[in-house]
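Values quoted throughout were computed directly from the atomic coordinates according to the rules given, and no laboratory measurement underlies them. The shown structure was predicted, so the numbers you read here are calculated from the model rather than taken from an experiment. Ideal geometry is used to build each Cβ from the backbone, glycine not excepted, and the neighbour counts take in all protein chains shown.
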Amino acid sequence: MADDVLKVLKNQQTMANYPSGDDIKWKAISLTHVEYPKGDLFGMGLAWLSLLPIFIMIGFITLILFRRDLHTICYFCGLLLNELVNLVLKHMIQDYRPKRDRETVFTEYGMPSSHAQFMWFYATYLSFFLILRVHRNYNIIEDLWKFALALLTYVLAFLVGYSRVYLGYHSPSQVVLGALTGLALGTLWFLIVHLVFTPFFPMIAAWPVSEFMMIRDSTLIPNVMWFEYTSSRQESRSRQRKLVSRKSQ
């Protein structure tokens, strides 16, 4: 009898604290959740492609942790500001997403598309950086990779925007506005970094906190990858000679 009373009390407490399954409305918070039509291989490919902004952000964080270059940090800060502008614009315009039977969207507003704005900001800034900042060899064959890479980023930006329309997350106008906003902000941010921030990089790199965190300025180095490769090879050979010298003594 006592056991039956305890069971009833537990059941009443459970019913009081937890709503029934019919009353619960679930909401996803996963940053990588993308839906595509079941059995649609093309849609599945576009769904994976629409995750590209997430992969790019992870790549930037990894690059900053390992290289700690001021220009890379400014590029990343520009992407964050771009996302903030997108969020503000969405709540100012308040244009709803296309009507679809799904719960897994972060914001009900879709104007402008954050994916399109992110990718076109990324492509525009990278194109300016490749053409104006990366060391020029004045050899058309050696410089072709820069133009090919810039073109590839714009192709990817277009495909990401197209995926958002194809998968029903945005209307074409929302994607177009996102692309134009990203292009404009990418151009503006590159000019700010190039003309305003870059002259202060040597001073910032010399700050005690920058030296402690090993933040560096690679602006004046023509080819950073080649410089790092030759420096590490020279240091390795120097240490190897010292090691051999000590063993021979």
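Observations on the model:
- Summarising the label geometry, the points placed 7 Å from Cα in the beta-carbon direction at Phe158 and Glu228 lie 3.2 nm from one another.
- For region 198-242, alpha-carbon Rg over 2.2 N^0.38 Å: 1.46
- Segments 84-97, 157-170, 233-246 sorted - mean Cβ within 10 Å per residue, highest first: 157-170, 84-97, 233-246
- Considering only Trp226, Ser245, Val209, and ranking their Cα positions along the charge dipole of region 208-249 that arises from unit charges at the beta-carbon of Lys, Arg, Asp and Glu, the one farthest toward the positive end is Ser245.
- Rg/Rh ratio calculated on Cα atoms of region 147-249 (Kirkwood radius): 1.23
- Residue-by-residue Karplus 3J(HN,Hα) for region 172-189, coefficients 6.51, -1.76, 1.60, Hz, glycine and proline x: x, 5, 5, 6, 5, 5, x, 5, 5, 5, x, 5, 5, 5, x, 5, 4, 5
- Spin-label model distance (nm) - Arg241 vs Phe197, 7 Å beyond Cα toward Cβ: 4.0
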